[in-house]
Amino acid sequence: MPKVYRLYIDESGDHTYFDIDKPEKRYFGLTGCIVNKEYYGDYFKSNLEALKKKHFSYDPDDPIIFHRKDLFNCSGSFWRLRDKVKRELFNEDIINYFQEMRFTLITVVIDKKSHTERYGEAAFHPYHYCLAAMLERYCGFLNFYNAKGDVMAESRGKKENQSLESSYSEVYFDGTHWRGAVFFNKVLSSKRIKIKPKTSNIAGLQVADLLAYPIKQEILLEVDMGRCS
C-alpha cells in the first residue's frame with residue numbers, strides 16, 4: 001500500500017494587488033505542511049493537543065485554536081502568555097514540538113510588484129500563482145515517494161473558497177505551464193481541495209498558520225542578503 005499524505009496550507013500577506021508599493025503589501029506567501037496521515041493521527045495532532053492542555057485552560061467541547069497573531073499579542077485564550085516565565089516555557093515547548101514532529105514544509109513567495117511589472121494585465125492572481133507552484137512541488141514529493149495525497153486549506157469566505165476550489169480544479173484537470181494534468185492526477189487522491197473552518201481545530205492548518213509568516217520573512221531576508229552579497 002502506498003503511503004498517504006495531506007498538505008495543509010495557509011497564507012501570509014495580502015493576496016490582492018492593492019498598495020503593492022508598500023513593503024508590507026508587496027509580498028505574498030503560501031506555506032504548506034505535509035504530514036503522513038497515519039503519523040498525523042498517532043502523534044502530530046495528539047502532541048499538539050497535549051501542548052495546549054499543558055499551557056492553557058482546556059475544554060474539549062470548546063478547543064483552543066492556535067493562531068499566530070493571537071499568540072503573538074497574548075490575546076483571547078492566550079492571555080497567560082503575558083507572563084514572561086509562562087511565555088518562555090510555552091515558546092520552548094512549541095519549538096520542541098516543531099523539532100520533534102515529522103513533517104515537510106513548502107513555502108512559495110511571490111513579489112507582486114515585480115510580477116505585475118513583468119506581466120502587466122496577464123499577471124496571475126497571487127494566491128492562485130502560489131497554489132499552482134506549491135501543487136507542483138507537493139506532487140513532485142508524492143511522485144518521488146510513490147505516495148498519494150490530498151490538500152486542505154482553511155476557509156476564507158464564500159467567494160474566496162469558490163475561487164480556491166476553481167484554482168485547484170484547474171491544476172488538477174488542466175495541469176500547469178510546466179506540468180501536464182497526468183502528473184497531478186497520478187498522485188492526488190481527490191479532484192477537490194478540502195476546506196475547513198478554523199473552528200474545526202485542524203492541527204495541520206494551525207501549524208501552517210504558525211509558520212507561514214516567519215518562513216516568508218526568512219525567505220525574503222535570504223533573498224535580500226543575496227542581492228547585497
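The values are calculated or read from the model by the stated rules, or taken from the named source; none is laboratory data. This structure is a prediction, so every number in the text was calculated from the model and none was measured. Here the Cβ is made from the backbone with ideal geometry for all residues, glycine too, and neighbour counts use every protein chain on show.
Could you go through region 170-186 and let me know if any residue there is closer than 30 Å to ILE65 by Cα and either surrounded by 16 or more Cβ atoms within 10 Å (Cβ to Cβ) or among the aromatic types (Phe, Trp, Tyr) (or both). Scanning region 170-186, I find no residue that is closer than 30 Å to ILE65 by Cα and either surrounded by 16 or more Cβ atoms within 10 Å (Cβ to Cβ) or among the aromatic types (Phe, Trp, Tyr) (or both), so the answer is no. Among the candidates SER169, SER155, SER190, the residue that is modelled with pLDDT under 95 and not hydrophobic (A, V, I, L, M, F, W, C) is uniquely SER155. Residues in region 2-18 that are of a type in the set (Phe, Trp, Tyr), touching a residue at least 24 places away in the same chain (Cβ under 8 Å) and surrounded by fewer than 22 Cβ atoms within 10 Å (Cβ to Cβ): TYR17 alone. For region 147-163, residues that are part of a helix (DSSP H, G or I) and more than 18 Å from GLU11 (Cα to Cα) total 0.
The sole residue among TYR5, TYR58, TYR40 that is within 30 Å of SER163 (Cβ to Cβ) and not in a helix (DSSP H, G or I) is TYR5. For region 106-128, a residue qualifies if it is aliphatic (A, V, I, L, M) and touching a Lys or Arg at 6+ places or on another chain (Cβ under 9 Å), and the qualifying residues are ILE106, VAL108, VAL109, ALA123. Considering each residue of region 42-52 in turn, at least one proves to be of a type in the set (Asp, Glu), out of contact with any helix residue (DSSP H, G or I) (no Cβ under 9 Å at 6 or more places or on another chain) and farther than 18 Å from GLN217 by Cβ.
Per this entry, GLU49 is counted among residues that are acidic (Asp, Glu), in contact (Cβ under 8 Å) with a residue 24 or more places away in the chain and surrounded by 13 or more Cβ atoms within 10 Å (Cβ to Cβ). Among the residues of region 147-166, how many are closer than 23 Å to MET1 by Cα, among the aliphatic types (A, V, I, L, M) and within 17 Å of the chain's Cα centre (by Cα)? Qualifying residue count for the region: 2. Of the residues making up region 165-189, those that are under 18 Å from HIS128 (Cα atoms) and part of a loop (DSSP other than H, G, I, E, B) are GLY175, THR176, HIS177, TRP178, ARG179, GLY180. Of the residues contained in region 70-85, one or more are found to be farther than 16 Å from PHE28 by Cβ, surrounded by 18 or more Cβ atoms within 10 Å (Cβ to Cβ) and within 20 Å of the chain's Cα centre (by Cα). Among the criteria (1) in contact with a Leu (Cβ under 8 Å, 6 or more places away or on another chain); (2) surrounded by fewer than 13 Cβ atoms within 10 Å (Cβ to Cβ), the one GLY32 does not fulfil is (2). In region 91-146, the residue that is farthest from ASP10 (Cα to Cα) out of those that are of a type in the set (A, V, I, L, M), surrounded by 19 or more Cβ atoms within 10 Å (Cβ to Cβ) and over 14 Å from the mean Cα position of the chain (by Cα) is LEU142.
Quick check on region 16-38. Is at least one of its residues modelled with pLDDT of 90 or more, within 22 Å of VAL151 (Cα to Cα), under 12 Å from the mean Cα position of the chain (by Cα) and of a type in the set (Lys, Arg)? No, region 16-38 has no match at all.
Screening TYR5, TYR17, TYR27, TYR58 for residues that are in contact with a Leu (Cβ under 7 Å, 6 or more places away or on another chain) and farther than 30 Å from SER189 by Cα leaves exactly one candidate, TYR27.
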